[in-house]
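Before any comments, here is the structure.
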Amino acid sequence: MAESAAPLSPSPTCSARGCSCRILVFPNYREEIIMKVLVVYAHPEPTSLTRQLVDVTAETLSAAGHTVIHSDLYGMKWKAVYDADDFPVRDNPERLSFIMESGHAYASGHQTPDVIVEQQKLLAADAVILQFPLWWYGVPAILKGWIERVYAFGFAYGYQNGSNEFRFGEGILKGKRALVNVQAGGPPADYGPRGINGPIEQLLFPLTHGALFYPGMDVLPTHAVYGAGHVSTAEEVEAIKAAWRVRLAGLFTDTPIPFRLQNGGDFPDRHTMADHVAPGQTGLAAHLADLVGA
C-alpha cells in the first residue's frame, strides 16, 4: 500500500482578504483550501425542511474538507430578548441605553458568556450561512435576537472609533462571505417582480444589506426554497437538497450581491447617495451597482 503524502510544512495561509484558512500542499496533488464555515439556523423541529437542509450543509461542506461550526439557536435555547440582563455590569444603573451599555460591556469585557462565544465564532469563520423559515416576512424572532445581542457596539457597529466610518462593506467582518437560505411557504409567483409578497431579496434587505453587509461581509444572492409548506414527496425533497448542494459548491466562488460601498465614493457624506450615482433611481434598487450601469 502506498504511503499517504504528508503536507509540506509550514502550511501557507490563503491570500484572500480577511481569510484565516490554511492551504494544505501535497506533492503531486492540487492545493486544497480549508475554510471555516459558521452555520446559524433557526427551526425547532428536527425533521423540518430547514433542518434537513442544515444537515446537507454540514455533510457537503465537511465532505469538501471544510470545518463546520454550528449555532443551533433553538437547540442552544438562545435568549432572544435583548434587555437589561445582557449587561451584568452597568455603566449607568439609572437608565438603560442599549448603545452605551453595549459598548461598555464589549470594551470592558463584561458581555454575557453566550454572546462572547457567538462573536468568537463569527471572527473565526471564513463564511457565515443563515438557514431559517420565512415567518411573517422576516427572520424568526430567535434569529433576530441573535443578531441584536451578538452585534455589540464596538463590534458590529461603531467599529474601531465609535462612529459610522466603517460600515456597509467595511467593518469587523470584512472579507468573510455570507449566504442566506430561506424556506418560504408561498409559490415562486408570490415572490416574483410583481408578486403579491414582493421579491425575496427586497423582503430580506434588512438582513442581507443591513445585518450582513453592514459589518463588511460579501453577501451572496439569497437561496430561497418556495412552496416549502407544500413539499410532500421524497422526490421533491431530494430535488431541493440537490439544488442547495449546487449553491454550497459556489460558496467561495459565486459573485456577491453588488451592494454599493459606503466608502467607495457613492456616499460622499456617508448618508446620501451622490447625485451622479444611479440618477433617477430611488429605493432599494439604487443600492445595486450593476442594475444601474455603475
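The values are calculated or read from the model by the stated rules, or taken from the named source; none is laboratory data. From a predicted model like this one, the values you see are computed outputs, not experimental measurements. Backbone-built Cβ (ideal geometry, glycine too); neighbour counts: all protein chains shown. We work out accessible area using only protein heavy atoms, side chains counted, and drop any ligands, DNA or RNA first. Shrake-Rupley method; radii C 1.70, N 1.55, O 1.52, S 1.80 Å.
Which whole-number value in Å² is the accessible area per residue of the range 156-206, probe 1.4 Å? Don't skip to the end; give the middle numbers.
Details: 2240 Å² over 51 residues.
Ligands and nucleic acids excluded, the result is 44 Å² per residue.
Springs join every pair of Cα atoms under 10 Å in this Gaussian network model of the chain, and among 45, 101, 201 the largest mean-square fluctuation is at 45. At q = 0.07, 0.13, 0.14, 0.15 Å⁻¹ the log10 of I(q)/I(0) for the chain amounts to -0.30, -1.02, -1.16, -1.29, computed by Debye summation with a single uniform scatterer per C-alpha, solvent ignored.
At a 1.4 Å probe radius, which order do 62, 232 fall into by accessible area, largest first? Intermediate values should be presented prior to the final figure.
Numbers: 62 65, 232 100 Å².
My answer, sorted largest first, is 232, 62.
Residues of the range 224-259 with an amide N closer than 17 Å to a point placed 7 Å from the Cα of residue 285 along the Cα-to-Cβ direction: 258-259.
Considering only 209, 187, 198, the residue lying farthest towards the positive end of the dipole of the range 166-221 is 209, judged by Cα position with unit charges set on Cβ. Per-residue extension of 0.36 nm, minus the Cα-Cα distance of residue 267 and residue 165, leaves a gain of 35.6 nm for this segment. The accessible surface of the chain, taken with every protein chain in place and a 1.4 Å probe, is 57 percent carbon and sulfur. What the phi angles of the range 226-238 give under the Karplus curve with 6.51, -1.76 and 1.60, with θ = phi - 60°, is a coupling list of 8, x, 4, x, 10, 6, 10, 10, 5, 5, 5, 4, 5 Hz, glycine and proline written as x.
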